[in-house]
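Student: One structure is given below, represented as structure tokens, and several questions about it will come after.
The values are calculated or read from the model by the stated rules, or taken from the named source; none is laboratory data. Not measured: the values here are computed from a predicted model. All Cβ positions, glycine included, derive from the backbone under ideal geometry; neighbour counts span all protein chains shown.
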Amino acid sequence: MCWSPSPTRARALLAALLAAIALPSSPAAARDESIVVGVSWSHFQEERWKIDEASLVAALKESGARYLSADAQSSAEKQLADIENLVTRGADALVLVAHDPDTLGPALASARAARIPVIAYDRLIDAPGVFYLSFDNRRVGRIQAEAILAAAPRGRFAFIKGSPQDPNTEFVHAGQLDVLRPAIADGRVQVVGDQYVDGWLPEVAQRVMEQILTRSGGRVDAVVCSNDGMAGGVAAALGAAGLSGVPVSGQDGDRAALNRIALGRQTVTVWKDSRQLGRAAAEVSLALARGTRPDQIAGATPYTTPTGKRVPALLLEPLAITRANLGRVIEAGWAPRASVCRGVEPGPEAPAACRDPQ
Amino acid sequence: MPRSAVVGAPSPRTRVRAMLVALAALWLALALLSGGLFLSPRNLVNLAVQASAVAVMACGMVLVITARQIDLSVGSVLGFTGMVIAALQAEDGLLAAPLPWPVALLAGLALATAIGAWHGAWVAYARLPSFVATLAGLLIFRGAAWLVSDGRTLAPLAEDYVRIGGGPSGTIAGVPLPVLVLVATALGVHVLATRTRFGRHVFAIGGSPRAAELAGIDVRGVTLRAFALSGALAGVAAVLTTARLGAGTNSMGMQAELAVIAAAVLGGTSLAGGSGSVAGAVLGALWMQSLENGMVLLDVTSALRQVIIGLVLLAAVAADARARKSAT
Amino acid sequence: MSAPALELAGVTVRFGGVTAVDSVDLSIGAGEVVALVGHNGAGKTTLVELLSGALARDAGEIHVNGRAAALRSPRDAQLAGLATLHQHLALADNLDVVANVFLGHELRARSGLLDERAMEDEARALLERLAPGFAALREPVSQLSGGQRQLVAIARALRLHAKVLLLDEPTAALGPGERGRVVELVARLAAEQLAILLVSHDLETALAVAHRVAVMRRGRLVAVRSREELDAASLSALIVG
């Protein structure tokens, strides 16, 4: 049976639609109940993003604000469309996880024209007036390099970096070099491999690591790897070459990485409690939507971008997680002990957090 | 060995010979540029393992393309099936009581085959163009791969399972298990394509769908089975990938379908249908992986690698088109 | 008296609002050749497609050697004993002669794999019977002449133990020399007790080889005459109406 549109039916539908739009109009723009926060996610490939989202949404719900979102699925074009869409749907503030920050010009212009404050979440958007909310990514790189250098003070190092389009890749790498440059300069550390990995893909990192191992005759003393997903691929390649235990770094604090640290197959991960970041995004976006000036937001400091612009920013401190302090992530409820300590024999040799049998 | 009854121009045999020459030429060039490192036993072994997942899927793609269809979903099916296999056996996975890995593996293969058959049904019975049906599959199953564990990486996997991915304990008589799986798959699909009724019917349908129909061939049934096989082999590739990585990650196999189709086409399978070679496709996969492998060895950046692979692929297919034209 | 090889009663095919075949009654005996003639659009091709299993009928009954035939698919038609030589021959150009003779009905060895040797031997025997000296067994059919391609198609039809052979415009793609061969071939096949329905625009060949000629006009069978009653002129008149 087909529903066929007739003039009377169409009119009735139109009337119903207009009523639906008109009814819940609320005049008070000052109350949070009517604030709409639009979030444009770059992708959900790494597990941390779901955690960011959960925290952000929870904080928004607490103050009664509404949450709109879109997933750009790692496409710059889609992200542009997503942002336009969020503006159209009435966002009072935008939180953007930029897939490719250099392509967001048109979207930022729209937001500016509509007087919608924009927050760059986790990834810097180098444009005037965009609030930068992230963990100090350069610090992330420094933490990774410090931990690696502590475990392997000299030798042949490989750099496995992230996606070339992601500005964080360069910040992290800059941090790594901040710590390693002196050692490289005086020859204590020789760089035997240095590659970007498109899309931060673990499988690609695995293949790249295998090639670096071949190039260096299987002699690699440490791998400065920029995130946990790729560290998984690197660890698999090292394991297959009989080099399990060579220091490897990571970022994100994902469960598989925490387990590798407990088992001695990864040295450090940088924990950015994305729950903190998600919550901060909710608070900052609500504050900006209410009209608070960016420089008056608690904890905000001015930040100078690579092109010399000064933008308001809130940078949270990341934390190094190694064998010694695995307990921190467990106590904070970030990862269950069972996952972190899987496969670890309880006893004096085990990391502190896994020492007692469950 | 009986002479081939399939006589596309140039013949499959000529094509395989051409691919072997091309492979030798590439290896020689890379060996020279890398000071011999490319041909070191370690690198060649790595190369064979790195190429195995794509090569396995290329075997299935040959039959699909020969039947005048295309399967764009293989990368996503690999990702989804791999995640399911990991989720069923990992302690942190889907099940409170994880399954023994052989059960998870078989379940994954069955799932992959069913997905392939599902695509085949859309194409054969609902008469959807295969480009559309499998593009839908590409999207659906990539999303599904993520949904399996909400994006979380699933690790660790059973030690014996991980052996299947190669590594020092994953060899038989010094040959890595993924390579053995590839060889067995390639032989099996080759026999299927050239020495069975099913294979003969695939070639007939690709060469002349109307003739096949009028000759009484069950065109729809054969088409469905070709897609089911393609799905099954994506499942095999999923096993190889998850075992090698020692984990299920939701981005596995992303964009693999492009490499798989390129391998088949490089190896002599014509996108017009009716002509294809399994051996050629395996060599094609090996050729492309050699290019990628060699370039990382030479420290070429990833962007430049992509440009080079794209240009080389274009040149190879253009040369192939010219060869076909002059042969007829 | 035994049942005719092929019997059509009230066969009707309609599509798109047009009645392409309108209540056709026709019977052909074993060893008889009936030529079916008529203008383009008279319904000849539709009738052939129906009998080859490629189309469904809207009304009427079809019997082959007394047994009712449903003809739901090409395979159905083949199983019922109807073999069709389509105008464009339905050969797979990317396969060789042997593969085409056995297309859809390949022989298998006990292992389940194709028995190439047996197929080659049988194809050779068949083709020798039809055209002594036919050597090109492993040639791609795309390289053969029109007449040779036709022989391959006929060999396939004969393999299926057909009782009735439908030939759709068998001389359309042939030169004059090869046309003569078709006439000979048809006569020989009829002598082997096949019932033959030959659809043709080529009135000369039709009259040369047929025992009876059936004329279709706008879907209806308007006349059936024996060869003795006809010549080219009277036949043309019947076709035009």
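Student: Does A:VAL197 fit the bill of being of a type in the set (A, V, I, L, M, F, W, C), within 8 Å of chain B (Cβ to nearest Cβ) and buried (at least 24 other Cβ atoms within 10 Å of the Cβ)?
Tutor: Details: of a type in the set (A, V, I, L, M, F, W, C): yes; within 8 Å of chain B (Cβ to nearest Cβ): yes; buried (at least 24 other Cβ atoms within 10 Å of the Cβ): yes.
Judged against the criteria, A:VAL197 is a match.
Student: While we're on this one: Within the range C:44-53, is there a residue that is more than 14 Å from C:GLU169 (Cβ to Cβ), more than 15 Å from the chain's Cα centre (by Cα) and not β-branched (Val, Ile, Thr)?
Tutor: For the range C:44-53, residues more than 14 Å from C:GLU169 (Cβ to Cβ), more than 15 Å from the chain's Cα centre (by Cα) and not β-branched (Val, Ile, Thr): absent.
Student: From the list A:ARG156, A:ARG112, A:ARG138, pick out the single residue that is surrounded by fewer than 22 Cβ atoms within 10 Å (Cβ to Cβ) and more than 30 Å from A:ALA222 (Cα to Cα). First the steps, then the outcome.
Tutor: On the way: A:ARG156 fails: more than 30 Å from A:ALA222 (Cα to Cα); A:ARG138 fails: more than 30 Å from A:ALA222 (Cα to Cα).
Testing whether each residue is surrounded by fewer than 22 Cβ atoms within 10 Å (Cβ to Cβ) and more than 30 Å from A:ALA222 (Cα to Cα) leaves just A:ARG112.
Student: Could I ask something else about it? Show the residue pairs meeting these rules: Cβ distance below 8 Å; 6+ apart or different chains; first residue within the range C:179-203 and in the same structural domain as C:THR46 (by TED's automatic domain parsing) and buried (at least 17 other Cβ atoms within 10 Å of the Cβ); second residue of a type outside the set (A, V, I, L, M, F, W, C) and part of a strand (DSSP E or B).
Tutor: Listed by first residue and then by second, the contacts come to C:VAL199/C:ASP168.
Student: I'm checking my understanding of the structure. Among residues of the range A:212-239 that are within 7 Å of chain B (Cβ to nearest Cβ) and in contact (Cβ under 8 Å) with a residue 12 or more places away in the chain, which one is farthest from A:VAL140 (Cα to Cα)?
Tutor: Restricting attention to the range A:212-239, the residues satisfying the condition of being within 7 Å of chain B (Cβ to nearest Cβ) are A:214-215, A:229, A:232-233, A:236, A:239.
Okay, now just the ones that are also in contact (Cβ under 8 Å) with a residue 12 or more places away in the chain, so A:215, A:229, A:232-233, A:236, A:239.
Values: A:ARG215: 28, A:GLY229: 16, A:GLY232: 18, A:GLY233: 20, A:ALA236: 23, A:GLY239: 25 Å.
The selected residue is A:ARG215.
Student: Also, I was wondering about something else. Condition first: closer than 22 Å to B:ILE217 by Cα, among the charged types (D, E, K, R) and at pLDDT below 90. Can you find one or more residues in the range C:129-138 that meet it?
Tutor: Scanning the range C:129-138, I find at least one residue that is closer than 22 Å to B:ILE217 by Cα, among the charged types (D, E, K, R) and at pLDDT below 90, so the answer is yes.
Student: Continuing with the same structure: Condition first: more than 8 Å from chain B (Cβ to nearest Cβ), in contact with a helix residue (DSSP H, G or I) (Cβ under 9 Å, 6 or more places away or on another chain) and not in a helix (DSSP H, G or I). Now tell me which residues in the range C:112-132 satisfy that.
Tutor: As a first pass, look at the range C:112-132 and keep what is more than 8 Å from chain B (Cβ to nearest Cβ): C:115, C:118-132.
Those still in the list that are in contact with a helix residue (DSSP H, G or I) (Cβ under 9 Å, 6 or more places away or on another chain) too: C:119-120, C:122-124, C:126-127, C:129-131.
Across the range C:112-132, the qualifying residue is only C:ALA131.
Student: Say whether the condition of being within 10 Å of chain B (Cβ to nearest Cβ), surrounded by fewer than 15 Cβ atoms within 10 Å (Cβ to Cβ) and either in contact with a strand residue (DSSP E or B) (Cβ under 7 Å, 6 or more places away or on another chain) or in a loop (DSSP other than H, G, I, E, B) (or both) is met by at least one residue in the range C:60-78.
Tutor: No: zero hits.
Student: Can you list the strands (runs of 3 or more DSSP E) lying wholly within the range A:226-311 that have 2 or more residues being within 17 Å of the chain's Cα centre (by Cα) and not hydrophobic (A, V, I, L, M, F, W, C)?
Tutor: Details: elements: A:249-251, A:268-271, A:301-304.
In the range A:226-311, the matching strands (runs of 3 or more DSSP E) lie at A:249-251.
Student: Residue check, C:ALA153 against (1) away from chain B (no Cβ under 12 Å); (2) closer than 20 Å to C:LEU85 by Cβ; (3) of a type outside the set (Asp, Glu), all met but one. Which one?
Tutor: Among (1) away from chain B (no Cβ under 12 Å); (2) closer than 20 Å to C:LEU85 by Cβ; (3) of a type outside the set (Asp, Glu), the lone unmet condition for C:ALA153 is (1).
Student: In addition: Quick check on my filter: what residues within the range A:36-64 are surrounded by fewer than 22 Cβ atoms within 10 Å (Cβ to Cβ), over 13 Å from the mean Cα position of the chain (by Cα) and of a type outside the set (Ser, Thr, Tyr)?
Tutor: A:VAL36, A:ALA54, A:VAL57, A:ALA58, A:ALA59, A:LYS61, A:GLU62, A:GLY64
Student: Just one of A:ALA107, A:ALA127, A:ALA76, A:ALA93 is within 17 Å of the chain's Cα centre (by Cα) and touching a residue at least 24 places away in the same chain (Cβ under 8 Å); which is it? Spell out the reasoning first.
Tutor: Values: A:ALA107 fails: within 17 Å of the chain's Cα centre (by Cα); A:ALA127 fails: within 17 Å of the chain's Cα centre (by Cα); A:ALA93 fails: within 17 Å of the chain's Cα centre (by Cα).
Exactly one residue qualifies, and that residue is A:ALA76.
Student: Could you tell me whether any residue of the range B:270-287 is surrounded by fewer than 24 Cβ atoms within 10 Å (Cβ to Cβ) and in contact with a His (Cβ under 8 Å, 6 or more places away or on another chain)?
Tutor: Scanning the range B:270-287 turns up at least one residue that is surrounded by fewer than 24 Cβ atoms within 10 Å (Cβ to Cβ) and in contact with a His (Cβ under 8 Å, 6 or more places away or on another chain).
Student: Does the range C:150-171 contain any residue that is among the polar types (S, T, N, Q), on the phi < 0 side of the Ramachandran plot and not assigned by TED's automatic domain parsing to the domain that holds C:ASN65?
Tutor: At the first step, the residues of the range C:150-171 found to be among the polar types (S, T, N, Q) are C:150, C:171.
Subset that is on the phi < 0 side of the Ramachandran plot: C:150, C:171.
Now narrow it down to the ones that are not assigned by TED's automatic domain parsing to the domain that holds C:ASN65: C:150.
Within the range C:150-171, one or more residues are among the polar types (S, T, N, Q), on the phi < 0 side of the Ramachandran plot and not assigned by TED's automatic domain parsing to the domain that holds C:ASN65.
Student: Does any residue of the range B:89-104 turn out to be of a type in the set (A, V, I, L, M), within 22 Å of B:ILE205 (Cβ to Cβ) and either modelled with pLDDT of 95 or more or buried (at least 24 other Cβ atoms within 10 Å of the Cβ) (or both)? Before you say what the answer is, go through the steps one by one.
Tutor: Restricting attention to the range B:89-104, the residues satisfying the condition of being of a type in the set (A, V, I, L, M) are B:90, B:94-97, B:99, B:103-104.
So of that shortlist, the ones also within 22 Å of B:ILE205 (Cβ to Cβ) come out as none.
Among the residues of the range B:89-104, not one is of a type in the set (A, V, I, L, M), within 22 Å of B:ILE205 (Cβ to Cβ) and either modelled with pLDDT of 95 or more or buried (at least 24 other Cβ atoms within 10 Å of the Cβ) (or both), which makes the answer no.
Student: A further question on this structure: May I ask you to list the residues in the range C:29-58 that are aliphatic (A, V, I, L, M) and surrounded by fewer than 21 Cβ atoms within 10 Å (Cβ to Cβ)? Quick ask: steps written out before the conclusion?
Tutor: Restricting attention to the range C:29-58, the residues satisfying the condition of being aliphatic (A, V, I, L, M) are C:30, C:33-37, C:42, C:47-48, C:50-51, C:54-56.
Across the range C:29-58, the qualifying residues are C:ALA30, C:ALA54, C:LEU55, C:ALA56.
Student: For the range B:61-79, check the following and say yes or no: at least one residue is within 14 Å of chain A (Cβ to nearest Cβ) and either farther than 26 Å from A:GLU47 by Cβ or of a type in the set (A, V, I, L, M, F, W, C) (or both). Explain how you work it out, then say what you get.
Tutor: Step one: filter the range B:61-79 for residues within 14 Å of chain A (Cβ to nearest Cβ), giving B:75-76, B:78-79.
Keeping just the survivors that are either farther than 26 Å from A:GLU47 by Cβ or of a type in the set (A, V, I, L, M, F, W, C) (or both) gives B:78.
Scanning the range B:61-79, I find at least one residue that is within 14 Å of chain A (Cβ to nearest Cβ) and either farther than 26 Å from A:GLU47 by Cβ or of a type in the set (A, V, I, L, M, F, W, C) (or both), so the answer is yes.
Student: So which strands (runs of 3 or more DSSP E) are wholly in the range A:99-212 and hold at least 2 residues that are over 30 Å from B:VAL45 (Cα atoms)?
Tutor: So the answer is A:118-121, A:131-135.
Student: Enumerate the helices (runs of 4 or more DSSP H) found wholly within the range B:160-217, keeping only those where 2 or more residues are in contact with a strand residue (DSSP E or B) (Cβ under 7 Å, 6 or more places away or on another chain) and within 14 Å of chain C (Cβ to nearest Cβ). Working first, answer last.
Tutor: Values: elements: B:177-195, B:197-207, B:209-214.
Answer list for the range B:160-217: B:197-207.
Student: Let me ask you something else. With the condition kept exactly as written, say whether any residue in the range C:79-90 is within 14 Å of chain B (Cβ to nearest Cβ), assigned to a loop (DSSP other than H, G, I, E, B), within 26 Å of B:ASP218 (Cβ to Cβ) and at pLDDT 90 or above. Walk me through how you get there before you give the answer.
Tutor: In the first step, residues of the range C:79-90 are kept if they are within 14 Å of chain B (Cβ to nearest Cβ); the result is C:79-90.
Now drop any that are not assigned to a loop (DSSP other than H, G, I, E, B), which leaves C:81, C:86-90.
Still in the list and also within 26 Å of B:ASP218 (Cβ to Cβ): C:81, C:86-90.
Add one more test, that the residue is at pLDDT 90 or above, and what stays is C:81.
Scanning the range C:79-90 turns up at least one residue that is within 14 Å of chain B (Cβ to nearest Cβ), assigned to a loop (DSSP other than H, G, I, E, B), within 26 Å of B:ASP218 (Cβ to Cβ) and at pLDDT 90 or above.
Student: Follow-up question, since we're still on this one. Report every pair of residues separated by at least 6 positions or lying on different chains whose Cβ atoms are under 8 Å apart, first residue within the range B:202-215 and closer than 14 Å to C:GLU106 by Cβ, second assigned to a helix (DSSP H, G or I) and charged (D, E, K, R).
Tutor: From residues that are closer than 14 Å to C:GLU106 by Cβ, the pairs are B:ALA215/C:ARG156.
Student: Quick one: how many residues across the range A:183-207 are within 24 Å of the chain's Cα centre (by Cα) and of a type in the set (S, T, N, Q)?
Tutor: Total meeting the criteria: 2.
Student: Oh, and also: Check off (1) touching a residue at least 60 places away in the same chain (Cβ under 8 Å); (2) facing another protein chain (nearest Cβ under 10 Å) for C:VAL97 and give me the number that stays unchecked.
Tutor: Evaluating C:VAL97 over (1) touching a residue at least 60 places away in the same chain (Cβ under 8 Å); (2) facing another protein chain (nearest Cβ under 10 Å) leaves (1) as the failure.
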